Every structure is written in structure tokens, then in C-alpha cells.
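Novice: Just passing along the structure, written as C-alpha cells.
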Amino acid sequence: LGMSVGVGAMWRFPMLCAQYGGGAFVLAFVVITILAVLPAGWAESALGRKYKMSAVGVFGKLAGKKGTAFGYLCALTPLGLMFYYPIIMGTVLMYIYYAIAGAPFLNDVVGFYDKVNANRPVIYACVVAIILITAFISLKGIQKGVEKACKILLPVMFIFLIVICIRVFTIPGIAEGIEFYVNPDWSQLANPSLWTTAAGMALFAVGLGPGYLLTYGMYLSDDADLATDFITVNVTQLLICVLCGFATIPAVIKFGLDPLAGKGLIFQSLPLVFNELGGGMIWFVLFMIAFFFAGLSTTLSMMEIPATCMMDAFGWDRKKSILAVTVISIIGAIPCVWSDAFFAFFDNLIGNVFYSVTAAVVALFLAWFVGAKKIREEWYNPTSAIKWGSWVDVLYKFIAVPAFAYFGITAILTLF
């Protein structure tokens, strides 16, 4: 859950939802999650648990040099996310500071965000600090570092999210905004770009494709109920994504903000929501802290995947691998911080293209070459409370694989 719930759910989902007509994007996101992400996620997690190796190690073992090369591509995806994902978290830190300093952004939420966004040196300093904090926790390992942090961070974030949604529902005149969010514009469903972006978000939300599930599967016990656990993760992240949409989208419509505001959307809408509350800025600060914690739980997983790949590929110890990822991330963040255009391009490249392509390749390999039936019967059904039937194989081979292939090709075409 720490890996899947973070800035993706709390920032990226509302941003994309606003850009693609509200309810239509939510519907596409839910459909893809149920029909394609579930069977593919079971298989990828089971692969990691069976072989106890990173993407580089396991694909190299199963497919030779080509598999090793693909494993490196998987490792590059979360490493690329480390270049721009902490930028949103850095902006969160700046808003926490300004909220405590008197909330000057309430006078002009759009203009103030533009001013904050233009302060590149401070944002970069925040990014470096976030990367170093991530590295410090990661050095303590999975149980003493990542898991211990997530057990505290996630419940706090979830409680604050529930509170803000309740408050949004009670804002006078909010009905129009809720209508935009929950009532799909059916014409949008004919837009291939909507489905491609929703697929990228669905994969992004649970880390399907570039080795997240595979890597975290390494740490599962051999008798863990992998299938049920993954359903729990999916339902929870789906709920949090939808709640984050409720916390943001209706307010955007209610206060006449631009739904196409992009990465600044939540920073322009949430202050207005919290300003409606008694003691609003106190709530705003608490929510932003929870937001930061959720992002931190995900940067931990972003560092874990390339680090474990380095350990397998080069024989490095954990300390050396974490150090390498830290240095590369600090350098790679520079163009994303100083160029909004590059930020948007990189978000599409990593969040849509890389996720869709890696998910398609992994699904094709596992479903058709390793065998969907073998994976189900031998890898995860033996420890599952529910013995899943052959219909899962049909979903995996004939729904998930073609869908991921289509989304991957479509995502690549957006680059040209």
C-alpha cells in the first residue's frame, strides 16, 4: 500500500481526471483496474515471490541477455520517477511553510502558485532533501525502514482525506462540481487518449509493469495469500484515488478554476476548500503533511527497485546501491525542476509510455510463454483463500495482454 498510495493518487489522478472530463476518466480507470490490472498483478507479484530476484535477475534467468536488458528498462522507470516525483513533494513542503506563515496564497491561488513554481532553487533544495530522507530510510531495509514508516504514514493520510471529503460535500453550491466528477461525459469514452492515460494511471497506481510488484513480491512469505493481498491493495488505492478526486475536482468547478491547470491543480483548489473550514489553515497544514507522508512512502519504493537491480546486476551491497540511486536522482531532477515543459514530457514518458510498455511485455511473457494456467495453479492459488478459476487465465491472456499492447503502442505514438 505504501508503494501504491502516494502522489500518484493524491496529485496525478485528480489532475488527469480534470483533464479528461471527470467521471469518464474514473470509469475507464475502474474498468481497466478490474479487468486487466488484477490478473496481471497476481502474476507479477507471484513471479517475484517464486524467484526472490529483482527484475534484472529474474528476467535474465528466464530470457537470457534480452531478459537482462529488459530488466534494466524496468529499473529505469522508477529511477526516472525519482527525477520529477519529489518536485510535487517539494511544492507541498513550500505550501506547508506558507500556510504557517499566514497563508498569503488565499489572495490569489493561481498567481501565488505560479510564483512558488518559479522559485526553482528552493524547489530543488526541497527535492534534494526529500531524496536524502528517502535514502536514509531505505538504508534501514524493508521491515525496519519502509514498512515501519508506512504503518504510521498511511493511516494518518487516510483519516485526513476522509475529513476533507466530508467538508467538500458540505460546501454550499458544490453539487455542480460533484456532478462533473461522478457523471461521465460518455462522448469522452470514445477518445483513445483517455483510455491510454487511464491505463497509465491504473498501472502507475499499483506499480504494475516496471518491477514494483515483482520486487515487493520478493519479500512476501511463501505462504502469504498473495491474491487476496493484492485485491486489498487495489481496492484501497482505488478508494483513495476516488476520494482524492472528490477532495479536488468539485472544488475546481465550484470556485471557477481551470480544470486544465495541470500539476498546479491541487495547490490552487485545496486552499480554497480548507478556507471554508473553521481553523482552515490548520487542517490544510495537517493534510499537506499527510500528503507528504504518502509521497514519501512511494519514493521509498522508487528507490528500492533500481537499488535491488544494481545489487543483482553488479553484486553491490545495499549501501552502495542506495548511494548510486541517490546521486543519479539528484542530478536527474535538475531539468525537471527548471523546465515545466520537460516535466510534462517526462511525466508522459515515464508515467504512460514506460509503464504501458513494460506492463505489456511482462504480461505477454508471463501469460503466453510461462503460462497463465501454470502461474495460477502453481504460483498463487495454493496459498490463496479463494481458488481462482480458469476465467482468470482468459482475462489475463485475451483481455489484459491485448489491452496493454494497445495502450503501449498508443502511448508511444503520443511522443511523435
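Novice: Please verify whether region 340-349 includes one or more residues that are modelled with pLDDT under 95 and closer than 18 Å to residue 35 by Cα.
Specialist: Within region 340-349, none of the residues are modelled with pLDDT under 95 and closer than 18 Å to residue 35 by Cα.
Novice: A further question on this structure: Test of understanding: among 267, 274, 293, which residue is under 19 Å from residue 204 (Cα atoms) and in a helix (DSSP H, G or I)?
Specialist: From the options 267, 274, 293, the qualifying one is 293.
Novice: Among the listed residues 346, 284, which satisfies the condition of being closer than 23 Å to residue 114 by Cα and open to solvent by 10 Å² or more (accessible area, probe 1.4 Å)?
Specialist: The conditions single out 346.
Novice: Right, something else. Check 110, 127, 122, 116 and return the single one that is aliphatic (A, V, I, L, M) and within 21 Å of the chain's Cα centre (by Cα).
Specialist: Of 110, 127, 122, 116, the one residue that is aliphatic (A, V, I, L, M) and within 21 Å of the chain's Cα centre (by Cα) is 127.
Novice: Moving on. Quick check on region 199-209. Is at least one of its residues assigned to a helix (DSSP H, G or I) and more than 20 Å from residue 295 (Cβ to Cβ)?
Specialist: The answer is yes; a qualifying residue exists.
Novice: Additional query: Can you run down the residue pairs with Cβ atoms below 9 Å, 6 or more apart or on separate chains, where the first is in region 25-44 and farther than 23 Å from residue 185 by Cα and the partner is among the acidic types (Asp, Glu)?
Specialist: Sorted first by the residue in region 25-44, then by its partner, the pairs are 39/393.
Novice: From 173, 177, grab the single residue that is over 17 Å from the mean Cα position of the chain (by Cα), more than 30 Å from residue 383 (Cα to Cα), exposed (fewer than 15 other Cβ atoms within 10 Å of the Cβ) and in contact (Cβ under 8 Å) with a residue 12 or more places away in the chain.
Specialist: Unique residue meeting the criteria: 173.
Novice: Could I ask something else about it? Just checking, does region 253-264 include any residue being modelled with pLDDT under 85, surrounded by 24 or more Cβ atoms within 10 Å (Cβ to Cβ) and either touching a helix residue (DSSP H, G or I) at 6+ places or on another chain (Cβ under 9 Å) or among the charged types (D, E, K, R) (or both)?
Specialist: no
Novice: Moving on to the next point. Return a yes/no flag: does region 375-384 have any residue that is crowded, with 23+ Cβ neighbours inside 10 Å and over 20 Å from residue 231 (Cα atoms).
Specialist: No: region 375-384 contains no residue that is crowded, with 23+ Cβ neighbours inside 10 Å and over 20 Å from residue 231 (Cα atoms).
Novice: Examine region 336-357 for a residue that is farther than 28 Å from residue 132 by Cβ and among the hydroxyl-bearing types (Ser, Thr, Tyr), and state whether such a residue exists.
Specialist: Yes, the conditions are met somewhere in region 336-357.
Novice: Moving on. Could you tell me which of the residues 127, 58 is among the aliphatic types (A, V, I, L, M), closer than 22 Å to residue 7 by Cβ and in contact with a helix residue (DSSP H, G or I) (Cβ under 9 Å, 6 or more places away or on another chain)?
Specialist: Unique residue meeting the criteria: 127.
The values are calculated or read from the model by the stated rules, or taken from the named source; none is laboratory data. Source: prediction; values computed, not measured. Positions of Cβ are generated from backbone atoms using ideal geometry, with glycine treated the same way; all protein chains shown enter the neighbour counts. The protein model used for the area step is the full one, side chains on, heavy atoms only, and it has no ligands, DNA or RNA in it. Shrake-Rupley method; radii C 1.70, N 1.55, O 1.52, S 1.80 Å.
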